[in-house]
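Taking it in order: structure first as structure tokens, then the write-up.
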Amino acid sequence: MDSRLNKIALGGGCHWCTEAVFQSLKGVEKVEQGYVASVGEQRSFSEAVIVHFRASNILLKTLIEIHLYTHKSMSNHMMRDKYRSAIYVFSEVQKQEAERFISQFQKDFENKLITQVYPFYAFKASREAIQNYYQKDPEKPFCKTFIDPKLRLLLEKFSSEVDQTKIKRSKTILR
């Protein structure tokens, strides 16, 4: 397996939520929260994160599966310009893998996945005050209402991928 640091950008819902989910995983070294743009019709910036990971510790396939389960990957709601359901890739190989994984995971979902694969073009980081949102104060009402349920799903469905030391309230979340 590859021990180099790899990266993939993921967008779907609020980047505070996405950031907290991926910060909780084994093999994820860094999560950059902000806005990602692709090309063409997707050139506008949309909330997303860049996940830096070691493929020797967590597979791209696993990251994509977690991404599909932790945001509304089947819902084409009216906020999709701000919250694009997307995987932004950094190479043609990554593009082919991501498309293949989405296709493979479709059988596990009742409705059609709307998540699309786009080439990564640009990134703008969130302002410092909202980066590491969950890690700074997991007791905030937003965290309890929106992030905790995603972390609960993560702990229940993907427990072998979670680094328990990275989730400050893992025992409380499971109640």
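Using only the Cα atoms, what convex hull volume per residue in Å³ does the stretch 1-97 have?
Measuring per residue, one finds 92 Å³ for the Cα hull of the stretch 1-97.
Given +1 at the Cβ of Lys and Arg, -1 at the Cβ of Asp and Glu and no other charges, the dipole of the chain around its Cα centre is 360 debye to the nearest 20.
Taking a point 7 Å from the Cα of residue 72 along the Cα-to-Cβ direction, none of the residues of the stretch 17-55 has its backbone N closer than 12 Å to it. Note on the chain: with a GNM built from Cα contacts shorter than 10 Å, the maximum mean-square fluctuation among 127, 43, 152 falls on 127. Pick out, from 52, 23, 134, the residue whose Cα sits farthest towards the positive end of the charge dipole of the chain, with +1 on the Cβ of Lys and Arg and -1 on the Cβ of Asp and Glu. Checking the options against the dipole of the chain, the answer is 134. Computed across the chain, the Kirkwood hydrodynamic radius from all distinct Cα-Cα pairs reaches 16.1 Å. Which residue fluctuates the most in the chain, going by a Gaussian network model with Cα springs under 10 Å, if the choices are 159, 85, 126? Taking springs between Cα atoms under 10 Å, the residue moving most is 159. The string of couplings for the stretch 48-64 from the Karplus curve (6.51, -1.76, 1.60, θ = phi - 60°) is 6, 10, 10, 9, 9, 9, 9, 5, 6, 10, 8, 7, 4, 4, 5, 4, 5 Hz, one whole number per residue in order, with x for Gly and Pro.
Derived scalar couplings between HN and Hα for the stretch 10-16 equal 10, x, x, x, 4, 5, 5 Hz in order, rounded to whole Hz, by the Karplus curve 6.51 cos²θ - 1.76 cosθ + 1.60 (θ = phi - 60°), x for Gly and Pro. Quick check on my link table: of 95/136; 95/140; 107/136; 136/157; 107/140; 30/72, which ones sit more than 31 Å apart, alpha carbon to alpha carbon? Among 95/136; 95/140; 107/136; 136/157; 107/140; 30/72, the Cα-Cα distance tops 31 Å for 95/136; 95/140; 107/136; 107/140.
Separation of the stretch 91-170 from the stretch 39-59 is 10 Å, based on Cα centroids.
Can you pull the percent of the stretch 31-175's accessible area that's carbon plus sulfur, 1.4 Å probe, other chains left in place? Whole-percent figure for carbon plus sulfur exposure: 51. Taking the Cβ of residue 49 as the centre, find all other residues whose Cβ is under 9 Å away and add up their charges (Lys, Arg: +1; Asp, Glu: -1). Summing Lys and Arg as +1 and Asp and Glu as -1 gives -3. Spin-label model, residue 96 to residue 157: label points 7 Å out along the Cα-to-beta-carbon direction sit 2.8 nm apart.
If R0 is 22 Å, what FRET efficiency do you get for residue 132 and residue 7 from their C-beta distance, rounded to 0.05?
With a Förster radius of 22 Å, E is 0.80.
Full extension of the chain segment joining residue 44 with residue 104 gains 18.7 nm, where the gain is 0.36 nm per residue of separation less the Cα-Cα distance.
The residues of the chain expose, per residue, 52 Å² of accessible area to a 1.4 Å probe.
Under a 5 Å amide H cut-off, with hydrogens placed 1.01 Å from N, residue 89 pairs with 118, 120 among residues at least 5 apart or on other chains. In the chain, the DSSP-assigned H stretches of four residues or longer account for a calculated mean residue ellipticity at 222 nm of -8000 deg cm²/dmol, using -39500 (n - 2.57) per stretch and the full residue count as denominator.
The values are calculated or read from the model by the stated rules, or taken from the named source; none is laboratory data. Owing to the predicted nature of the structure, the values given are computational and were not obtained by experimental measurement. For neighbour counting, all protein chains shown are included, and Cβ atoms are generated from backbone atoms with ideal geometry for every residue, glycine included. Please note that ligands, DNA and RNA were not included when accessible areas were found on the heavy atoms of the full protein model with its side chains. Shrake-Rupley method; radii C 1.70, N 1.55, O 1.52, S 1.80 Å.
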